[in-house]
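Since the structure comes first, as structure tokens, the remarks are kept for the end.
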Amino acid sequence: MSTDLSAFKGNSLISSDLFQKLMAVNKTLSGGSGGGTSRRISIKGGRFREMVNGEQVRVNSSGSMNLIVLSTSKIGRTYFAGAYDPENPAPPSCWSPDSEKPDATVPAAQRKAVACRDCPMNIKGSGQGESRACRFSVRLAVAVEGSLDKVYQMQLPATSLFGDGKDGKMGMQAYAKFLDANEMPILGLVTTVYFDENSETPKMYFKPSRPLEDEELRSVLELAEHDDVKKAITLTVYQQDKSEAAAPKKAAVEVDDVVDTDDKPAPKVEDVAEPTRVAAKAEGPKPTEIAVTSVLASWDD
């Protein structure tokens, strides 16, 4: 049978969007970017590390990095039973993608409560020191400035999520509220992420850097629709099948980056207050609209 495919090259289908979708199947099967490439930003050791398929390809030693936030998960939770063993990393015992209740895939025997708010692992002091054993986290889908054709996953620990933004140092929640008050979509600008130099564990702050140029914005809007964005923000845990238990393995259970364990164990754990629900208030006058350039200027270091 001939393997010459030249006869197919003249097909008008080649230039269509459908053709590109069909080619994506090839990429997936061959392990290419169509579905076989995993990219994430690790915060190991207080440095931004670009990881591709589990291998470190670049380290940013400046303490800051410019990113575009494409999408985000809800605030989730993960609980790991026992001490962390870097030689044999284990998946969490319980996890929740929305901080409301354990995920449906969590085995019944591993659930500590029906609802997260009633869980004993959510009590202050259940973890190291005064911390909670069950940790908050958020998964972001981001792109790196200057490379708007690739999606990276980035895990934010609780210390980088909450806080009131004192002295202009904003965690992600305070940063999002700041942008919302000024009617600035986070997807439309470059965000500078930087480490708190005074924290013993990786802790990040966020500030606006610059608005995207028109061409960049078009690229970002297209990238935000990519399947990799959904994969980056989806919490998935693979549990070992019972039939596999007989075969000893170094990693008997796989974790799909449920938590960025690169920064564990922590020498000191900072307790973070749990977010509380606030009753909706009557809508008042909208904050005065501030031009993008003036907002960015006010954050110019």
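The values are calculated or read from the model by the stated rules, or taken from the named source; none is laboratory data. Owing to the predicted nature of the structure, the values given are computational and were not obtained by experimental measurement. Positions of Cβ are backbone-derived with ideal geometry, glycine not excepted, and every protein chain shown enters the neighbour counts. Calculation scope for accessible area: heavy atoms of the full protein, side chains included, ligands and nucleic acids excluded. Shrake-Rupley method; radii C 1.70, N 1.55, O 1.52, S 1.80 Å.
Could you do me a favour and compute the accessible area per residue for the stretch 77-150, 1.4 Å probe, result in Å²?
51 Å²
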The set of residues whose placed amide H lies less than 5 Å from the amide H of Ala90, leaving out same-chain residues fewer than 5 positions away, is Asp85
From the Cα gyration tensor of the stretch 108-198, with a ≥ b ≥ c the square roots of its eigenvalues, which class applies: rounded if a/c is under 1.5, or else prolate if a/b is larger than b/c, or else oblate? prolate
Highest mean first, what order results for 133-140, 163-170 on Cβ atoms within 10 Å? 133-140, 163-170
Can you list the residues, at least 5 places off or on another chain, whose amide H is less than 5 Å from the amide H of Arg132, using H built in the peptide plane? Gly125, Gly127, Val272
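What shape does the stretch 37-100 have by the C-alpha gyration tensor, where a ≥ b ≥ c are the square roots of the eigenvalues, rounded means a/c under 1.5, and otherwise prolate means a/b greater than b/c and oblate the rest?
The shape class here is oblate.
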Thr72's amide H: which non-local residues (gap 5+, or another chain) put their own amide H closer than 5 Å, with H modeled 1.01 Å from N in plane and none for Pro or chain starts? Ala141
Most packed first (mean Cβ within 10 Å per residue), the peptides 118-127, 147-156 order as 147-156, 118-127
Residue span Ala83 to Gln110: 0.36 nm per residue of separation minus Cα-Cα distance leaves a gain in nm of 8.1 nm
Can you send over the carbon and sulfur percentage of the accessible area for the stretch 140-180, probe radius 1.4 Å, protein chains only? 47 percent
